[in-house]
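The values are calculated or read from the model by the stated rules, or taken from the named source; none is laboratory data. This one's a predicted model, so the numbers in the text were calculated from it and none came from an experiment. When we count neighbours, we look across all protein chains shown, and the Cβ atoms used for this are built from the backbone with ideal geometry, even at glycine.
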Amino acid sequence: MNITKELEKSGIEPVRQLDFNEIYKISRKIIELLKNSFPNYDIKEEEILKKMFQSKIYYANISQNIGKASYFYKNSVIYIDTQVDINNLDEYVIHEIMHYLQEEKDEKGKLIKIGICKFKEFGISGFAINEAAIQYIISKMLNIKKNDVSFFGIEVKTISKHYYPLLSVLIDQIVYIVGEEALLDGILKSNNNFENAINKYYGYEEYNHIQKKFDNLLDIRQKIKKSIEEKNNTGKEQLIIKLKKNFLETQKYLYTKYFNYYLEIIENIKDIDEIKKELNEYSKIIQTQEGLKEFYEYASNLIEIMDRKSINIYRKNTKNNLAVISNSRILKIIKYIKNFFIKNKYKNEENKF
Ligand SMILES: [Zn+2]
């Protein structure tokens, strides 16, 4: 099928190509938003400008089910709806431009990468995590605050109300652990830093497992969407239950992998102290009621394990017995942290429930 036919089938009718000045205006805006949102990050301004000057952007009449913009991989053209004001870029348009900026082709012009989404001979990997990561960056660029969203009955507070709300909740937790720099490297520079950071903080080869979990959630979401479009309710409820279950499981997977791995490498009481503080901080970014309950159960167990570990570390260091330890400074610290955590737990519960 030729491109014109494919566009037609997709509901895109090109109207006119944007001129140099218009593209320059869009490029400057994107750079300005990125610089303001990530002032400490090395935004490669020249590279962005260079790529934008090579871009082809068209105003088009776009059918409603597609949205306000579409980056068409097959011809590398960005189509934006005729209603879009380029002086006031919204998340839909920026999202598609980001895809264009992420695109990497081989010498033959074959698409090999879009950020952290890789196109291989036997399929695509990392599509969902790339989408969620873009939304994370855009929510920062446009200063979008977290919103309460009910997504097929799953209540979450998310930075991305319209695009991938559940995946955005999860990516927010990953960024909390690995940091924004690694994420920006992966998304804007298409390198392996994000992948490496995930493996460093969550454990060897964890990136592959995590990206598959994201793809899996998106896959269930697509099936629900399809059943709605086809007005076919058979199995829809089951899919929604599955979506919720898999979302909660993925959330749990993320923090258990991280904290368990952290626990394995602790060496001293100071490390344990750090984990306890982090557990407390982490509880603030869990964005669902059921998720929070699960997290508290996990955290309580972990604290018990760490208490036992503290005693062993203390014993090893002092060769003392438990009777002496009971009055030690260490146990006072543990007690303090435990109380601190429990106090915050109830404070959070008041806010959440
Ligand atoms: Zn996208």
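For the range 30-53, the tally of residues that are under 17 Å from Val77 (Cα atoms), surrounded by 13 or more Cβ atoms within 10 Å (Cβ to Cβ) and out of contact with any Leu (no Cβ under 9 Å at 6 or more places or on another chain) stands at 1.
With part of a helix (DSSP H, G or I) and out of contact with any helix residue (DSSP H, G or I) (no Cβ under 8 Å at 6 or more places or on another chain) as the only criterion, which of Asn208, Asn199 stands out? Working first, answer last.
Numbers: Asn199 fails: out of contact with any helix residue (DSSP H, G or I) (no Cβ under 8 Å at 6 or more places or on another chain).
Matching residue, one of Asn208, Asn199: Asn208.
Scanning the range 150-173 for residues that are in contact with a helix residue (DSSP H, G or I) (Cβ under 6 Å, 6 or more places away or on another chain) and either outside the structural domain of Arg221 (by TED's automatic domain parsing) or of a type in the set (Gly, Ala, Ser) (or both) yields Ser160, Ser168.
Do any strands (runs of 3 or more DSSP E) lying entirely in the range 68-157 carry at least 1 residues that are surrounded by fewer than 19 Cβ atoms within 10 Å (Cβ to Cβ), and which ones are they?
So the answer is 103-105, 111-114, 117-120, 123-125, 147-151.
Exactly one residue out of Lys345, Lys352, Lys276 is among the charged types (D, E, K, R), in contact with a Phe, Trp or Tyr (Cβ under 7 Å, 6 or more places away or on another chain), at pLDDT below 55 and outside the structural domain of Leu170 (by TED's automatic domain parsing): that is Lys345.
Of all residues in the range 97-119, those that are farther than 17 Å from Lys51 by Cβ have Cβ atoms under 7 Å from Cβ atoms of residues that are of a type in the set (A, V, I, L, M) and in a helix (DSSP H, G or I), 6 or more apart or on another chain, in Ile116/Ile129; Ile116/Ala133; Ile116/Ile187.
Would you mind stating whether Thr256 is assigned to a helix (DSSP H, G or I) and among the hydroxyl-bearing types (Ser, Thr, Tyr)?
yes
When residues in the range 124-148 are screened for being at positive phi and more than 16 Å from the ligand (Cβ to nearest atom), 1 of them pass.
Only residues that are of a type in the set (Gly, Ala, Ser) and either more than 16 Å from the ligand (Cβ to nearest atom) or farther than 14 Å from Phe194 by Cα (or both) were counted in the range 111-123, giving 1. Pairs linking a residue in the range 173-186 that is free of Cβ contacts under 8 Å to residues at least 24 places away in the same chain to a residue that is outside any helix (DSSP H, G or I), with Cβ atoms under 8 Å and 6 or more positions apart or on different chains, are Asp185/Asn191.
Quick check: anything in the range 34-55 assigned to a strand (DSSP E or B), at negative phi and touching a strand residue (DSSP E or B) at 6+ places or on another chain (Cβ under 8 Å)? Scanning the range 34-55, I find no residue that is assigned to a strand (DSSP E or B), at negative phi and touching a strand residue (DSSP E or B) at 6+ places or on another chain (Cβ under 8 Å), so the answer is no.
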